[in-house]
Structure formats: C-alpha cells, structure tokens
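Below is one structure, written out as structure tokens, with a few remarks after it.
Any read-out appearing in this document is the output of simple, stated calculations on the displayed coordinates, not a laboratory observation. Here the structure is a predicted model, which means the values were calculated and not measured. Backbone-built Cβ (ideal geometry, glycine too); neighbour counts: all protein chains shown.
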Amino acid sequence: LLASRVEALPVADAKRFVVRYVESLVRSGGSTQKALAPVEVLLRSAHDDAEALETAGLVTFEHGEAARSLELHRELLERFGGLVVGHARARALYRLGESARRTGDVDAALKALSEAVDLDPTAAEPAAALAAIHESRGAWEEVVKVKTGRLDVESGEARYDLLDRKSTRLNSSHSDRS
C-alpha cells in the first residue's frame, strides 16, 4: 500500500513524503527498517532524479546501513556530480566520507572528508570526522591542521570550545607519552 502511494506521487511530493514518513517513524520509535522501505520505492520510481537519490542517501545515512549509504552517495556523486555543487556537494561528500569511515574504508573516508572540508570550511561535521580519523591514527599534526582550520571560521563560544577541546586533547596525548 505504501509503495503504491509513493510510486503514484509526483517525484517532488514523493521525496517530501518519504522524509516526513521516516521522521515520523523515528520520532514515534518505529522500526528504521520499516522507514527505509519507502526509500527503495523512491529510488525505483525516480531513478533518474538527482534530488531523489540525494534524499534517499540522506535518509539511509541517518537511519540505515553505512554500506548502503556509501553506495548511494557514491552513485549520487558519480552520476550527478555536475549537478551537486557548493554546500550540497560538501554535505554529500561528508555523508560519503562518514559512511566510508563506518565501513572501515579509511582511505575513501579521508579523501571525501578532506574534499568536504575544503568545499565548506564552515561545516563542523566533516572537520570533526576528519580530525577523528587523524586522531585514531595518531596523526597529531593533521589533527591540529584540521582544528586550526575550524578556528579560522569560528567565533565566540564555539571558538572557545574548540580551543578548550584542542588543548585538552593535546595535553592528554603528551601525558600519554611520558
């Protein structure tokens, strides 16, 4: 019944319906597997629509399997890369990179997250994910570079929080060595 409703809707309405349906299920404590079913229907009914693929990728990133999210974001950027620009591209690259990290593909994660940070230095999520990867590898100079880049775009309390976290981590890493 749900699938036939999604397929019957115009693509723009189907995208809104899928997002609202998933959000409603999540808020009510419903099954994320149940929430992902209309995503697949959307992909089948709007397979040539970049926004539908982006919506499916976002919902899958937030509520589904990392491997499927990785697959959808790769497809989005490979098939529609020229249409996904600016902040939208940076967000897609972040989700691709974070999905790659979650599946253990660190090289793909580093590449995508680095590009996301370059495209949108004001976005905190890609920088935090990139710094976390460098930190897990003990690449402290890279962590400092990423965090310093964030300092360049932050102000006020957010800047203070970054400085505080940066000094705490550096102090703990130095005390671990002694």
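Details
- Compared with the alpha-carbon gap, the fully stretched path from Glu40 to Ala67 is longer by 8.3 nm at 0.36 nm per residue.
- Eigenvalues of the alpha-carbon gyration tensor of the range 1-134, scaled by 5 and square-rooted, set the equivalent ellipsoid semi-axes at 27, 16, 12 angstrom, largest first.
- Peptides ranked, highest mean first, by Cβ atoms within 10 Å: ranges 51-62, 90-101: 90-101, 51-62
- Calculated FRET value between Asp107 and Gln33, using beta carbons and R₀ = 30 Å, to 0.05: 0.50
- Low-density loop cleavage sites - trypsin sites (Lys or Arg not before Pro) in the range 1-81, where at most 11 other Cβ are within 10 Å (DSSP): none
- Net length gained if the chain between Ser4 and Glu78 were fully extended (0.36 nm per residue, minus Cα distance): 23.7 nm
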